[in-house]
Amino acid sequence: MGPIEQERFEAYVDDALDGIPDELWEGFDNVVVVVEDADPDEPDLLGVYEGVPLTERDDYGGVLPDRIVVFRLPLCEYVRSERELVDEIRVTVVHELAHHMGIDDEHLHELGWG
């Protein structure tokens with residue numbers, strides 16, 4: 001599938017975030033989710049978490065928010081249809097939010113989110 005416009009992609013990311021249950025949102029702290037076209041160093045990367053996981057925060061005050069970046073172009077190229085894109089965006093958002101919570105890739109794979 002080719003790229004879709006930024007606004008429609010961001011709406012899909014917003015929908016994925018809206019699908020996170022409220023009780024889980026209460027556990028997130030000082031994190032933002034942004035959309036970028038692609039990572040210049042790893043152009044096939046679908047998403048990335050940048051920050052200090054909740055499980056590793058000791059003296060954590062006065063810092064910029066952690067970032068979850070969802071990469072539009074690689075996600076659009078990774079799928080064959082817009083329906084698959086919506087699903088893959090959801091998986092990517094959940095995957096990166098799990099990293100924010102301190103869940104590593106190995107455990108995510110065990111849970112079926114890897």
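Odds and ends about this structure:
- Count of residues meeting criterion [open to solvent by less than 60 Å² (accessible area, probe 1.4 Å) and outside any helix (DSSP H, G or I)] in the range 47-57: 7
- If you filter the range 58-79 down to residues that are open to solvent by less than 60 Å² (accessible area, probe 1.4 Å) and in a strand (DSSP E or B), you find that the one that is nearest to Ala98 (Cα to Cα) is Ile68.
- Restricting the first member to the range 28-47 and to residues that are closer than 14 Å to Ile89 by Cα, and the second to residues that are open to solvent by 60 Å² or more (accessible area, probe 1.4 Å) and modelled with pLDDT of 95 or more, the beta-carbon pairs closer than 6 Å and six or more apart or on different chains are Val35/Glu10.
- Unmet requirement for His107, which otherwise passes all of (1) part of a strand (DSSP E or B); (2) open to solvent by 70 Å² or more (accessible area, probe 1.4 Å): (1)
- Residues that are in contact (Cβ under 8 Å) with a residue 24 or more places away in the chain and open to solvent by less than 80 Å² (accessible area, probe 1.4 Å), drawn from the range 4-23: Ile4, Gln6, Phe9, Glu10, Tyr12, Val13, Ala16, Leu17, Gly19, Ile20
- Subset of the range 11-31 [in contact with a strand residue (DSSP E or B) (Cβ under 7 Å, 6 or more places away or on another chain) and farther than 15 Å from Leu85 by Cα]: Asn30, Val31
- Of the criteria (1) assigned to a loop (DSSP other than H, G, I, E, B); (2) surrounded by 11 or more Cβ atoms within 10 Å (Cβ to Cβ), which one Asp41 fails: (2)
The values are calculated or read from the model by the stated rules, or taken from the named source; none is laboratory data. Here the structure is a predicted model, which is why all the values come from computation and not from measurement. Note that each Cβ is placed from the backbone with ideal geometry, even for glycine, and that neighbours are counted across all protein chains shown. These accessible areas exclude ligands, DNA and RNA; they are computed on the full protein's heavy atoms, side chains included. Shrake-Rupley method; radii C 1.70, N 1.55, O 1.52, S 1.80 Å.
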